[in-house]
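Each reported figure results from applying straightforward, stated rules to the coordinates on display, with no laboratory input. Please read these numbers as outputs of a predicted model, since none were measured by experiment. Ideal geometry is used to build each Cβ from the backbone, glycine not excepted, and the neighbour counts take in all protein chains shown.
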Amino acid sequence: MSPIKVDDSMPTISPLQFSTRAIHVGNSPSAETGAVIPPLSLSTTFEQESVGVHKGFEYSRSQNPTRLQLETSLASLEGGAGALAFASGSAATAAAVMSLGVNAHILSVNDVYGGTARYLTRVGQATQGLKTTFIDLETSSDEDIYNSIQENTKLIWIESPTNPTLRLISVPKLVKIAASHPSKPLVLVDNTFLSPYFSNPIAQGADIVLHSISKYINGHSDVIMGALIVRKGREETLEGLRFLQNASGAIPSPFDCYLTLRGIKTLALRALQHGLSALRIANFLSTHPLVESVTYPGLVSHPSHDLAKSALAPQVWRDLKKIGWNEAVGVPFGGMVSFKIRGGGEEADQFLQASHLFCLAESLGGVESLAEVPDKMTHAGIPEEARLALGITPNLIRLSVGVEDTEDLVADIDQAIRRAVSVASA
Ligand SMILES: *Cc1c(COP(=O)(O)O)cnc(C)c1O
């Protein structure tokens, strides 16, 4: 029996364009049957010709053909030396933290994903003696950032944009500061919010990219999964993480890998549409009389708009050029938009009741549009004072813009805002 062929003849950083790689890398037809879609490989164990002689697969926790296809695809999309898939984004976070050993220090952006903050402070600290310093990496001076790096700082943990206030951090700037410090911490970027279509942190100098695949990469809200992608030249880090993937066993099922491979094939199409609709909605909201403010880094008026543009991957510019894009209206920059409705928490609640197309739910990155109030939902665990300091007020609404018809979404938002404000003031 020959194993499912994964086309490793195709280099992970190849001259092929992003959307071509999304369809072909890791997806060659089965050498055995010619099936254009490689079969889903469910077997837990693999026959050996003689003791220790096998085709690269022994036991499915350690290596699985369908998972290998997916990991090959992910490494290609982010331009890494290798990728490792985990049972969730949180399991990928756990592996990245575990790999630091005992008594390490992490420098983290202050409004990091809540689950990451929880792991760093409540698990990493108790089990590994991990210390984390949370600082505002957007506005701190280079000197303050440098001085926050300690002798035992092993990792700088970045999200850009942050959630839900969409603040941006310059990855090249952080990479430069990290390299100039004697501790030489690695730089990890959680790229979940942008997806590999919009931005590739490794090309900007990052060492490790983390994804919650549960969001844009799978894109259909039916898989929980995570991944770590490691840059070329950091093979020791990659192998250490691979050891932990097998030893701790938090691996995704082959079926979820199969679904994700299917999702990835339309990532470029989906992501661009998410971004174009999000930009249209952000522009619409910015002139709406019942909206206090809107945050979308692709808007020309966003304070970090130039930084947003510098973070966009070549495939985005290439696609925009194809459609003759006029940058005067802004650029697509992911599918997340935050805005403050005029009024308070009551207006925000009513908006969520009144919308027909934005489903009231947590999470993001699926083809269907979602809306939530961070103050009472995703960010309710943060103390009120800290929430307000981050700009998370009760009237802040976070949208995950899906790929429905753009003008249907705009019309729905408009009617929901009008209805919310009139019901709340009645
Ligand atoms: C959802 C999310 C995670 C955690 O991923 P799970 O797949 O839910 O475990 C980590 N980081 C960010 C930015 C996320 O949005």
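Restricting to region 112-136, and then to whatever is near the ligand (Cβ under 10 Å from one of its atoms) and part of a helix (DSSP H, G or I), can you tell me which residue is farthest from Pro164 (Cα to Cα)? Per the stated criteria, the residue is Tyr119. Per the conditions (1) under 28 Å from Thr295 (Cα atoms); (2) loosely packed, with under 15 Cβ neighbours inside 10 Å, the sole criterion not satisfied by Ile145 is (2).
Considering only residues that are surrounded by fewer than 18 Cβ atoms within 10 Å (Cβ to Cβ) and not hydroxyl-bearing (Ser, Thr, Tyr), which ones fall in region 289-304? Steps first, answer last, please.
Step one: filter region 289-304 for residues surrounded by fewer than 18 Cβ atoms within 10 Å (Cβ to Cβ), giving 289-290, 292-293, 300-301, 303.
Hits for region 289-304 are Pro289, Leu290, Glu292, Val300, Pro303.
Residue count for region 367-392 satisfying the condition of being surrounded by 17 or more Cβ atoms within 10 Å (Cβ to Cβ), touching a helix residue (DSSP H, G or I) at 6+ places or on another chain (Cβ under 8 Å) and free of Cβ contacts under 8 Å to residues at least 60 places away in the same chain: 5. Does Phe333 fit the bill of being under 20 Å from Tyr296 (Cα atoms) and within 16 Å of the ligand (Cβ to nearest atom)? So Phe333 passes the test. Pairing each residue of region 300-314 that is over 14 Å from Gly275 (Cα atoms) and in contact (Cβ under 8 Å) with a residue 40 or more places away in the chain with any residue that is surrounded by 18 or more Cβ atoms within 10 Å (Cβ to Cβ) and of a type in the set (Lys, Arg), provided the two are 6+ apart or on different chains, yields C-beta distances under 9 Å for Ser304/Arg167.
Determine which member of the set Asp256, Asp190, Asp207 is without any contact (Cβ under 8 Å) to a residue 40 or more places away in the chain and either under 19 Å from Gln69 (Cβ atoms) or within 16 Å of the ligand (Cβ to nearest atom) (or both). So that I can check it myself, show each step before the final result.
Numbers: Asp190 fails: without any contact (Cβ under 8 Å) to a residue 40 or more places away in the chain; Asp207 fails: either under 19 Å from Gln69 (Cβ atoms) or within 16 Å of the ligand (Cβ to nearest atom) (or both).
Result: Asp256 is the single residue among Asp256, Asp190, Asp207 that is without any contact (Cβ under 8 Å) to a residue 40 or more places away in the chain and either under 19 Å from Gln69 (Cβ atoms) or within 16 Å of the ligand (Cβ to nearest atom) (or both).
Is it fair to say Thr237 is more than 13 Å from Gly89 (Cβ to Cβ) and surrounded by 17 or more Cβ atoms within 10 Å (Cβ to Cβ)? So Thr237 fits the description; yes. For the criterion of being basic (Lys, Arg), under 30 Å from Leu299 (Cβ atoms) and in contact (Cβ under 8 Å) with a residue 24 or more places away in the chain, Arg167 passes.
On the given criteria, is Ile397 touching a His at 6+ places or on another chain (Cβ under 6 Å) and buried (at least 21 other Cβ atoms within 10 Å of the Cβ)?
Numbers: touching a His at 6+ places or on another chain (Cβ under 6 Å): no; buried (at least 21 other Cβ atoms within 10 Å of the Cβ): yes.
Judged against the criteria, Ile397 is not a match.
Close contacts from region 87-108, counting a first residue that is farther than 27 Å from Ser62 by Cα and assigned to a strand (DSSP E or B) and a second that is among the acidic types (Asp, Glu) and away from the ligand (no atom under 12 Å from the Cβ), with Cβ to Cβ under 9 Å and a gap of 6+ residues or different chains, come to His105/Glu151. Going through (1) under 21 Å from Phe333 (Cα atoms); (2) in a helix (DSSP H, G or I) one by one, Gly365 falls short only on (2).
On the given criteria, is Ile229 closer than 20 Å to Ala179 by Cα and buried (at least 22 other Cβ atoms within 10 Å of the Cβ)?
Working: closer than 20 Å to Ala179 by Cα: yes; buried (at least 22 other Cβ atoms within 10 Å of the Cβ): yes.
Yes: the conditions hold for Ile229.
Please enumerate the residues belonging to region 314-338 that are among the aliphatic types (A, V, I, L, M) and crowded, with 21+ Cβ neighbours inside 10 Å. Once the filter is applied, which keeps residues that are among the aliphatic types (A, V, I, L, M) and crowded, with 21+ Cβ neighbours inside 10 Å, region 314-338 yields Val316, Val331, Met336, Val337. Being within 16 Å of the ligand (Cβ to nearest atom), of a type outside the set (Asp, Glu) and under 20 Å from Ala75 (Cβ atoms) holds for only one residue in Ile251, Ile202, Ile224, Ile169, and it is Ile251.
Every residue in region 81-111 that is in contact with a Pro (Cβ under 9 Å, 6 or more places away or on another chain) and more than 10 Å from the ligand (Cβ to nearest atom), please. Across region 81-111, the qualifying residues are Ala85, His105, Ile106, Leu107, Asp111.
Checking the conditions here, which among Arg242, Arg280, Arg270 is farther than 21 Å from Ser400 by Cα, assigned to a helix (DSSP H, G or I) and basic (Lys, Arg)? Full working, then the answer.
Working: Arg280 fails: farther than 21 Å from Ser400 by Cα; Arg270 fails: farther than 21 Å from Ser400 by Cα.
Criteria check complete, one pass: Arg242.
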